[in-house]
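The values are calculated or read from the model by the stated rules, or taken from the named source; none is laboratory data. This is a predicted model, so every value here is computed, not measured. Virtual Cβ from ideal backbone geometry, glycine too; neighbours counted across all protein chains shown.
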């Protein structure tokens, strides 16, 4: 790797790290007013369109793949969700 390319990679890594550190915490919001924070967070994946659409797409994809792939696809999706939630909790 040339010296110029190494400097370019280091600069990109530094900028990426700064952007990641500058990100703020996302708070779950619920369209149902007057419920507590726990219930708002619990209902967020069910009432938020940004969560419902990927699961609908996942269901369509699983239906097209056949009987053997569908259960594994849902298990993999739940694993990714749990892993990303755990990473966000640990990152706090």
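Return the residues of segment 1-30 that are modelled with pLDDT under 65 and surrounded by 10 or more Cβ atoms within 10 Å (Cβ to Cβ); say none if nothing qualifies.
Of everything in segment 1-30, those that are modelled with pLDDT under 65 and surrounded by 10 or more Cβ atoms within 10 Å (Cβ to Cβ) turn out to be 28, 29, 30.
For segment 64-74, how many residues are surrounded by 10 or more Cβ atoms within 10 Å (Cβ to Cβ) and assigned to a helix (DSSP H, G or I)?
Residues flagged as surrounded by 10 or more Cβ atoms within 10 Å (Cβ to Cβ) and assigned to a helix (DSSP H, G or I) within segment 64-74 amount to 6.
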